[in-house]
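First the structure, in the form of structure tokens, and then the observations on it.
The values are calculated or read from the model by the stated rules, or taken from the named source; none is laboratory data. Only a predicted model underlies this, so the values are computations on that prediction, with no experimental measurement involved. All Cβ positions, even for glycine, are placed from backbone atoms using ideal geometry, and neighbour counts span all protein chains on display. When the accessible area is computed, the model is the full protein with side chains, heavy atoms only, and any ligands, DNA or RNA have been set aside. Shrake-Rupley method; radii C 1.70, N 1.55, O 1.52, S 1.80 Å.
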Amino acid sequence: VHSISPTKGSIDVTPNIVLNGAKFQDVANLSCLFAHQYWVPSSFIDSSKIECPIPRLVRPGNISIELFLNSFPISIGPPLIFFHIDLSFSSISPMFGYVHGGTNVSISLNDATSESAVTHCIFGQKLVPVITFGTGIVVCRAPTADIPGSVPLGVSADDGESFSMSPIPFEYNQPATFTSIQPGHGPESGGTKVMLV
């Protein structure tokens with residue numbers, strides 16, 4: 001075994017890891033060990049690839065992976081490390097913006113250590129890069145939309161190849177327009193009720 005693919009991702013969008021190597025054989029009792037404690041059965045693909053599902057119990061961060069036949073390790077080569085990212089959403093703010101785009105949307109992630117791994121956001125079918133991030137928060141600028149309405153919102157840690165989607169959509173609205181303001185003036189002390197028409 002000489003490498004894995006992918007090397008990072010979220011379980012929600014990357015449920016399996018492929019171990020790349022040479023001279024693999026389709027034999028029984030092949031298994032993968034994750035983080036030195038989670039055993040899962042492996043699947044033979046071909047002589048150069050074996051696939052293993054990522055256990056859902058693993059925590060975010062660097063995870064070691066080893067390949068075993070019965071109880072004997074057969075991973076020969078450099079250490080195999082997968083960076084598990086929890087990209088599940090906590091909240092988004094604001095939840096709406098105008099169709100002409102430009103709204104900075106803050107996305108809070110449940111795992112406060114994963115934000116630096118996020119590279120892109122997707123609004124509907126439009127991909128945009130992350131413009132900044134902080135502790136547990138990434139910020140993306142909403143692109144333009146052709147029509148008002150709700151669109152799915154997601155984040156990616158692999159340059160837009162796969163996404164973890166928010167359970168809450170982003171809402172595009174038309175900007176408000178006014179033809180008049182009544183009254184057009186009021187006292188400096190304030191308190192005047194103003195009607196926008």
Checklist outcome for this item: Expected sort for 99-112, 173-186 on mean C-beta neighbours within 10 Å, highest first, is 99-112, 173-186
Next on the checklist: For the chain, give me the percentage of DSSP beta bridges that are antiparallel, rounded to the nearest 5 percent.
Outcome noted: 90
Checklist entry - Modelled label-to-label distance, S3 and T192, 7 Å Cα→beta-carbon offset: nm? => result 7.0
Item to check | Span from the the stretch 56-130 Cα centroid across to the the stretch 1-33 one, whole angstrom | outcome: 19
Item to check | Computed label-point distance, nm, for sites E51 and S180 using a 7 Å Cα→Cβ extension | outcome: 6.7
Checklist entry - Mind listing the phi-derived Karplus ³J(HN,Hα) values for the stretch 139-149, rounded to whole Hz, using 6.51, -1.76 and 1.60 with θ = phi - 60°, and x for any glycine or proline? => result 10, 10, 8, 4, x, 6, 10, 6, 9, x, x
Next on the checklist: For K193, give me every one of the lysines with a C-alpha distance below 24 angstrom, ignoring sequence neighbours fewer than eight places off in its own chain.
Outcome noted: none
Checklist entry - By a straight-distance test (C-alpha under 29 Å), which lysines pair with K8 as possible cross-link partners, with residues fewer than eight away in the same chain excluded? => result K23, K49, K126
Checklist entry - Where the only charges are on Cβ atoms (+1 Lys, Arg; -1 Asp, Glu), what is the dipole of the chain about its Cα centre, to the nearest 20 debye? => result 140
Next on the checklist: For the chain, what does the relative contact order come out to in percent, with C-alpha contacts under 8 Å and a separation of six or more?
Outcome noted: 16
Checklist entry - Looking at the stretch 80-197, what % of its DSSP beta bridges pair antiparallel, to the nearest 5? => result 90
Checklist entry - Roughly how much of D46 is accessible, in Å² to the nearest 10, using a 1.4 Å probe? => result 60
